[in-house]
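Read through the structure below, which is laid out as structure tokens, and then see the notes.
What follows draws every value from the coordinates through simple rules; no lab data is involved. In this text the structure is predicted, and so the values were computed from the model without any measurement. Every residue, glycine among them, receives a Cβ derived from its backbone with ideal geometry; neighbour counts consider all protein chains shown.
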Amino acid sequence: MNKNTQILLAARPQGMVKDSDFLLHTAEIPPVTEGGVLIQNEYISLDPAMRGWMNEGTTYIKGVEIGAVMRSFSAGRVVASKHPDFSVGDNVVGLTGVQAYAVSNGAGLTKVDLSKGQLSRHLGILGMPGMTAYFGLLARGKPRKGETIFVSGAAGIIGAAVGQMGKIKGCKVIGCAGGKDKCDYLLQIGFDGVIDYKTEDVAQRLKELAPEGIHIYFDNVGGDILDAALTNLARGARVVICGAISQYNNAVISGPKNYMKIVSARGTLTGLIVFDFIDQYAKAVLDISKWLKSGKLQYKEHIIEGIENFPLALRMLFEGKNFGKLVLKIGE
Ligand SMILES: NC(=O)c1ccc[n+]([C@@H]2O[C@H](COP(=O)([O-])OP(=O)(O)OC[C@H]3O[C@@H](n4cnc5c(N)ncnc54)[C@H](OP(=O)(O)O)[C@@H]3O)[C@@H](O)[C@H]2O)c1
């Protein structure tokens with residue numbers, strides 16, 4: 001068997017991540033002990049949350065230690081098992097890190113069914129980001145037919161899924177993304193209106209596209225776009241805070257200036273952590289795979305090859321260079 005290639009966290013980044021924040025390392029493949037499995041990873045998920053995991057301290061999850069394997073959701077196959085629930089050949093997803101081989105005691109490791117979608121999709125639309133879109137919109141946003149949804153980061157994995165799920169639920173959907181290509185794509189997949197936040201005034205365009213006001217704002221980016229959304233809420237609006245990618249590289253996160261608009265709209269502002277819905281993932285996977293098969297849900301992946309390209313790939317998320325779910329392919 002080969003050696004294990006790993007990406008270790010070498011330094012805590014200041015601002016945007018740099019190549020030197022990581023170390024490409026070669027290690028022995030650890031032996032499988034009783035109750036353990038050895039996984040050969042094929043795909044590594046790139047997620048904006050990784051930037052927060054590189055910081056010191058604990059938020060909803062503890063920061064990665066310096067010198068440790070960088071945390072990631074990864075998908076691969078079991079190649080050796082001394083665990084009663086996993087067999088050689090099982091396809092699995094878990095927080096097994098940016099490395100070619102990982103040992104696991106099975107905690108948090110999920111067997112995935114490739115009849116619902118190819119392996120990489122279980123890191124995206126059938127995995128954690130898909131679950132975030134599903135529960136963030138349905139359980140937190142609570143869309144009703146005829147309502148208007150505004151979603152930022154709309155051409156990303158979560159944003160595009162939220163918009164299309166909104167259409168499935170009979171809503172009008174407006175998305176905001178950076179650049180013409182991304183905005184054109186959103187119209188192609190059924191969005192009713194788009195805003196290019198790099199060239200347009202978001203608050204002004206929202207007033208034109210949604211004169212009735214927005215009933216749900218699904219926030220992936222925070223910052224100025226959150227403030228623009230708050231100026232155009234309909235009565236009873238639900239603002240779902242999913243993420244704030246525009247802020248993750250800042251030492252201090254700026255809060256919304258227009259939060260009093262929640263009061264005049266009699267609205268709510270709700271936080272979302274996808275892991276709170278883990279016991280309901282199976283139902284979401286069934287619905288999402290059905291929508292994928294029927295064509296109601298379109299899904300785009302952006303695949304970069306080579307574990308050594310991990311730092312570059314991670315930066316792409318913060319530079320808007322990914323177009324679709326960003327995944328690193330590291331195996332055959
Ligand atoms: N709460 C939870 O449980 C949970 C779980 C998973 C993810 N999240 C959050 O969900 C959000 C979306 O994640 P994702 O996986 O779907 O990522 P993604 O949208 O596939 O990729 C990130 C996109 O964010 C946009 N972006 C980057 N910097 C920006 C900025 N300064 N202003 C506006 N847009 C910017 C870029 O698109 P453009 O080219 O359009 O700028 C980029 O392509 C993130 O905030 C993430 O942290 C939350």
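Could you tell me which residue of segment 282-315 is nearest to LYS18 (Cα to Cα), considering only residues that are of a type outside the set (Asp, Glu) and in contact with a strand residue (DSSP E or B) (Cβ under 6 Å, 6 or more places away or on another chain)? Here the residue is PRO311.
Is it true that some residue in segment 199-206 is within 13 Å of the ligand (Cβ to nearest atom), more than 21 Å from the chain's Cα centre (by Cα) and among the β-branched types (Val, Ile, Thr)? For segment 199-206, residues within 13 Å of the ligand (Cβ to nearest atom), more than 21 Å from the chain's Cα centre (by Cα) and among the β-branched types (Val, Ile, Thr): present.
Among the residues of segment 34-56, is there at least one that is within 15 Å of LEU314 (Cα to Cα) and away from the ligand (no atom under 16 Å from the Cβ)? No; the residues of segment 34-56 include none that is within 15 Å of LEU314 (Cα to Cα) and away from the ligand (no atom under 16 Å from the Cβ).
One line per residue, one yes/no per condition, for (1) surrounded by fewer than 22 Cβ atoms within 10 Å (Cβ to Cβ); (2) in contact with a Gly (Cβ under 7 Å, 6 or more places away or on another chain); (3) of a type outside the set (A, V, I, L, M):
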position	(1), (2), (3)
GLY222	no, no, yes
ASN232	no, yes, yes
ALA237	no, yes, no
GLY243	no, no, yes
ASN249	yes, yes, yes
SER264	yes, no, yes
GLN280	yes, no, yes
LYS290	yes, no, yes
LYS321	yes, no, yes
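Step by step: first the residues of segment 178-202, then only those that are free of Cβ contacts under 8 Å to residues at least 40 places away in the same chain and touching an Asp or Glu at 6+ places or on another chain (Cβ under 8 Å), then the one that is nearest to GLY223 (Cα to Cα). Which residue is that? Only one residue fits best here, namely VAL202.
Only residues that are in a helix (DSSP H, G or I) and under 12 Å from THR231 (Cα atoms) were counted in segment 190-218, giving 6. The C-beta contact set for segment 1-17 (first residue in a loop (DSSP other than H, G, I, E, B), second residue of a type in the set (Ser, Thr, Tyr), distance under 7 angstrom, 6+ apart or interchain) comprises LYS3/THR26; ALA10/SER20; ALA11/SER20. Going through (1) assigned to a strand (DSSP E or B); (2) in contact with a Phe, Trp or Tyr (Cβ under 7 Å, 6 or more places away or on another chain) one by one, THR26 falls short only on (2). Each residue in segment 29-42 was checked for being in contact with a strand residue (DSSP E or B) (Cβ under 9 Å, 6 or more places away or on another chain) and either outside any loop (DSSP other than H, G, I, E, B) or of a type in the set (D, E, K, R) (or both), and 6 of them qualify.
Residues in segment 70-89 that are without any contact (Cβ under 8 Å) to a residue 40 or more places away in the chain and touching a Ser or Thr at 6+ places or on another chain (Cβ under 8 Å): SER72, SER87, VAL88. Taking SER104, is it under 22 Å from ILE7 (Cβ atoms) and touching a His at 6+ places or on another chain (Cβ under 9 Å)? Yes: the conditions hold for SER104.
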